[in-house]
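Notes follow once the structure below has been shown.
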Amino acid sequence: MDEQQEIQTLREELEQANYEYYVLDNPTMSDYDFDHKLRRLEELEAAHPELVTPDSPTQRVGGKVADGFQEVVHLVPLESLQDVFDQKELGEFDQRVRDALDGEIEYDVEPKVDGLSVALEYENGVFVRGATRGDGRVGEDVTENLKTVRAIPMVLPDKLPRLIVRGEVYMPKQVFESLNAQLEVQGKSLFANPRNAAAGSLRQHDPKVVAARRLDIQVFNIQLAEGKTFQTHTETLEYLKTQHFKVIPHYTCPTIIQAGDQIVQMGESREEFPFDIDGAVIKLNSLPDREILGSTAKFPRWAAAFKYPPEQKTSRVMDIVVQVGRTGVLTPKAVVEPVRLAGTTVTNATLHNQDFIAEKDIRIGDTVLIQKAGEIIPEIVSVLKEQRPEGTVPYTLPEVCPVCGAPVVRDEDGVHIRCTGAECPAQVLRNLVHFASRDAMDIEGLGPAVVEALVKAGLVKGPADLYRLEANAVSKLERLGERSAQNLIAAIEKSKENDLSRLLFAFGIRQVGQKAGKVLAARFGSLDALMAATEEALTEVPDIGGITAKSLVQWFQSPQSRHLIDGLRAAGVNMDSHEAPAGDKLAGKTFVLTGTLERLTRQEAGARIEALGGKVSGSVSKKTSYVVAGEAAGSKLKKANELGIPVLSEEELEELLAEES
């Protein structure tokens, strides 16, 4: 077999394996074999770049980062659907259909996936374009991102001149929960629901990010099929299965009564679907009859979307418990008497935060009305105060963390109440990930996955434990061999030498970011000197306000913080600034750096200015003290000259810094 034939064979084998794994859920090729075949294909394509095609399995995550999405005019509009909200309106829909048609009426009922609608376009059996619905007539080209959805076939068995299908991209419930857990560890904003997660993921400009989100798809319609004719919608879906698409579950119903029963049954079992649904879609099965009915200006007359009302039940609040999230946020939860709701037994309901509890005046012992929020999380809608027993009292969240006992504080700009414990067990993952991050202690190789593995193995409970790790123990963890373990230990050891400014940021003290860490390290010179500083002394430091000063003092007074510092000190972690305290001789002076500096990077120059109490700004104004201009300085230099602001060369800046030191 020559290499060109081998490439074609590998592509066919890998596409078949993708189909069996992601569509049929019946893999016949092991992950090991798949990975080796994919690597071999990559090697062959690297040696013969002229043979690389857009439909190759190697191109699923190989697209370039996009600057923006191009508009796509849909050849066939992606129409929206008329909503019906109860059986009466469903009957009225059926009557309108019957009034316009003669003969037997047959419907097809499908779950309405709560995701993002897309059109997939194939030419001669090859996937060439994928676009979002947009306004139905014009969408966005997200072809490279859709290639990362493994359930979308790149090549079809039939080679129709043109085939356009419509489907719904979604994030499976389990993937959504896993993604949010990861974002929480990293201290990032969480997605509100799987639909938002899917939409946000598909519109990422980097296909590699999209691939990591593990999106899926359910295909539910043929928009255009050149060279192929069908009589019923059911025929089209059966045909799509032969073309290796993941096709939406559907049910053929000969009467509107059976269709209504199927819709009810689907609603009762919606928790069993791997995707969120917000209703059911009922469609006329006959395609010729659809042509007769046509469409209004807004939606087709032959289909409707039955929207499920949020099911509500009453229950009693038995207790209110408080959980501490991985970012330290205290989240109250109501423990309620078990009640059957939307297909599951509910025993807990979210209370969101203290403001939510106070607004609804929710108390232990209350009878409450509960519903599913976004079909996922049960929440309390209202309190039936007329059924409130005597002796109940308003509920307030505790003043100390229920996990570690550290004081809690309310976010200055929000509703969250947060634990301040430096070694709170509930926050161990988030704290360790932050401690090791690039802008903090910069421990290469210690990402979220490795941190989680170390914690699960019981090797690490806090930052100080990192410095007691041994390569032999680390090498036994999954996906970490001897060499990786040795590299990790070396990176941890190297981090001991970091400047105090990095350590201050790594502590994760509220209000203390990178800039504050640099300013404080430069001003006080050592951690001991900083710990001894009063709030008044701290507020005298440029850029350190009253809130930050108070947060620092409280954090250093905490027994957990002292224990953490003692552990790091015993491990040999540096707690001094690499530069001697420089004071505030540039206090009140603002610098703007522009152009390319030869001897210093802008970051280095900015750090030296800030170490002397000066400020670095990104824009020129009348308040600017100096503009430092390197090579190829542009509009900022021009504006400085217009405003009469002193302009310094790099040499003059270094002289000024030397004079002030």
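The values are calculated or read from the model by the stated rules, or taken from the named source; none is laboratory data. These figures come from a predicted structure and were not determined experimentally. We place every Cβ from the backbone using ideal geometry, glycine too, and count neighbours over all the protein chains shown.
Return yes when P274 is surrounded by fewer than 18 Cβ atoms within 10 Å (Cβ to Cβ) and under 23 Å from V97 (Cβ atoms) and no when it is not. So P274 does not fit the description; no. Out of the range 70-122, which residues are surrounded by fewer than 18 Cβ atoms within 10 Å (Cβ to Cβ), within 21 Å of K298 (Cβ to Cβ) and polar (S, T, N, Q)? Within the range 70-122, S80, Q82, Q95 qualify.
When the range 33-51 is filtered for residues that are modelled with pLDDT of 80 or more and either under 14 Å from T9 (Cα atoms) or in a helix (DSSP H, G or I) (or both), the ones remaining, listed by number, are R40, L41, E42, E43, L44, E45, A46, A47, P49, E50, L51. Criterion applied to S501, S577, S526 was being among the polar types (S, T, N, Q), within 25 Å of Q186 (Cα to Cα) and not assigned by TED's automatic domain parsing to the domain that holds G634, and the one residue passing it is S501.
So that you can scan it fast, the table gives a plain yes or no per residue for (1) under 23 Å from I277 (Cβ atoms); (2) aromatic (F, W, Y); (3) surrounded by fewer than 19 Cβ atoms within 10 Å (Cβ to Cβ):
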{"residue": "S315", "(1), (2), (3)": "no, no, no"}
{"residue": "M318", "(1), (2), (3)": "no, no, yes"}
{"residue": "L330", "(1), (2), (3)": "no, no, no"}
{"residue": "R340", "(1), (2), (3)": "yes, no, yes"}
{"residue": "T350", "(1), (2), (3)": "yes, no, yes"}
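If you go through the range 609-651 and keep only what is part of a helix (DSSP H, G or I), of a type in the set (A, V, I, L, M, F, W, C) and in contact (Cβ under 8 Å) with a residue 24 or more places away in the chain, you end up with I609, A611, L637, A640.
Within the range 293-312, the set of residues being in a strand (DSSP E or B) and at pLDDT 90 or above comprises S295, P300, A303, A304, A305, F306. Set side by side, the residues Q486, Q511 differ, and just one is in contact (Cβ under 8 Å) with a residue 40 or more places away in the chain, farther than 21 Å from D566 by Cα and not hydrophobic (A, V, I, L, M, F, W, C), which is Q511.
Condition first: in contact with a strand residue (DSSP E or B) (Cβ under 6 Å, 6 or more places away or on another chain) and either on the phi > 0 side of the Ramachandran plot or not assigned by TED's automatic domain parsing to the domain that holds Y467 (or both). Can you find one or more residues in the range 648-658 that meet it? Within the range 648-658 (the criterion being in contact with a strand residue (DSSP E or B) (Cβ under 6 Å, 6 or more places away or on another chain) and either on the phi > 0 side of the Ramachandran plot or not assigned by TED's automatic domain parsing to the domain that holds Y467 (or both)), the answer is yes, since at least one residue qualifies.
Every condition in (1) modelled with pLDDT of 85 or more; (2) surrounded by 16 or more Cβ atoms within 10 Å (Cβ to Cβ); (3) among the charged types (D, E, K, R) holds for R562 except the one numbered (2). Of all residues in the range 386-397, exactly one satisfies the criterion of being surrounded by fewer than 14 Cβ atoms within 10 Å (Cβ to Cβ) and in contact (Cβ under 8 Å) with a residue 40 or more places away in the chain, namely T396.
Name, by its number, the condition in (1) farther than 26 Å from F507 by Cβ; (2) assigned by TED's automatic domain parsing to the domain that holds L503; (3) β-branched (V, I, T) that does not hold for I645. Among (1) farther than 26 Å from F507 by Cβ; (2) assigned by TED's automatic domain parsing to the domain that holds L503; (3) β-branched (V, I, T), the lone unmet condition for I645 is (2). Residues that are among the polar types (S, T, N, Q) and in a loop (DSSP other than H, G, I, E, B) within the range 124-156 comprise N124, T148, listed in sequence order. When each of A259, A304, A280, A297 is tested for being out of contact with any helix residue (DSSP H, G or I) (no Cβ under 9 Å at 6 or more places or on another chain) and either in the same structural domain as A198 (by TED's automatic domain parsing) or buried (at least 18 other Cβ atoms within 10 Å of the Cβ) (or both), the lone residue that passes is A297. If only residues of the range 489-501 that are among the aliphatic types (A, V, I, L, M) and touching a residue at least 12 places away in the same chain (Cβ under 8 Å) are counted, the one that is surrounded by the most Cβ atoms within 10 Å (Cβ to Cβ) is L500.
If you go through the range 398-419 and pick out every residue that is acidic (D, E) and touching a residue at least 60 places away in the same chain (Cβ under 8 Å), you end up with 1. Criterion applied to L429, L446, L469 was being free of Cβ contacts under 8 Å to residues at least 60 places away in the same chain and either part of a helix (DSSP H, G or I) or more than 21 Å from the chain's Cα centre (by Cα) (or both), and the one residue passing it is L469.
Mind telling me which of the residues E604, E654 ends up being in a helix (DSSP H, G or I), free of Cβ contacts under 8 Å to residues at least 40 places away in the same chain and closer than 23 Å to P542 by Cα? Answer to the check: E604. Scanning the range 134-151 for residues that are over 22 Å from the mean Cα position of the chain (by Cα) and crowded, with 19+ Cβ neighbours inside 10 Å returns a single hit, G139. Where helices (runs of 4 or more DSSP H) sit wholly within the range 522-587, those with at least 2 residues that are over 37 Å from the mean Cα position of the chain (by Cα) occupy 527-531, 535-539. Remark: P288 matches the filter, which requires a residue to be modelled with pLDDT of 85 or more and over 34 Å from the mean Cα position of the chain (by Cα). The single condition from (1) closer than 17 Å to S295 by Cα; (2) touching a residue at least 12 places away in the same chain (Cβ under 8 Å) that D135 fails is (2).
Filtering L552, L538, L564, L568 for residues that are closer than 22 Å to P407 by Cα and in contact with a Pro (Cβ under 7 Å, 6 or more places away or on another chain) leaves a single hit, L564. From the list V209, V165, V219, V169, the lone residue that is touching a helix residue (DSSP H, G or I) at 6+ places or on another chain (Cβ under 8 Å), under 25 Å from D55 (Cβ atoms), modelled with pLDDT under 90 and not in a loop (DSSP other than H, G, I, E, B) is V209.
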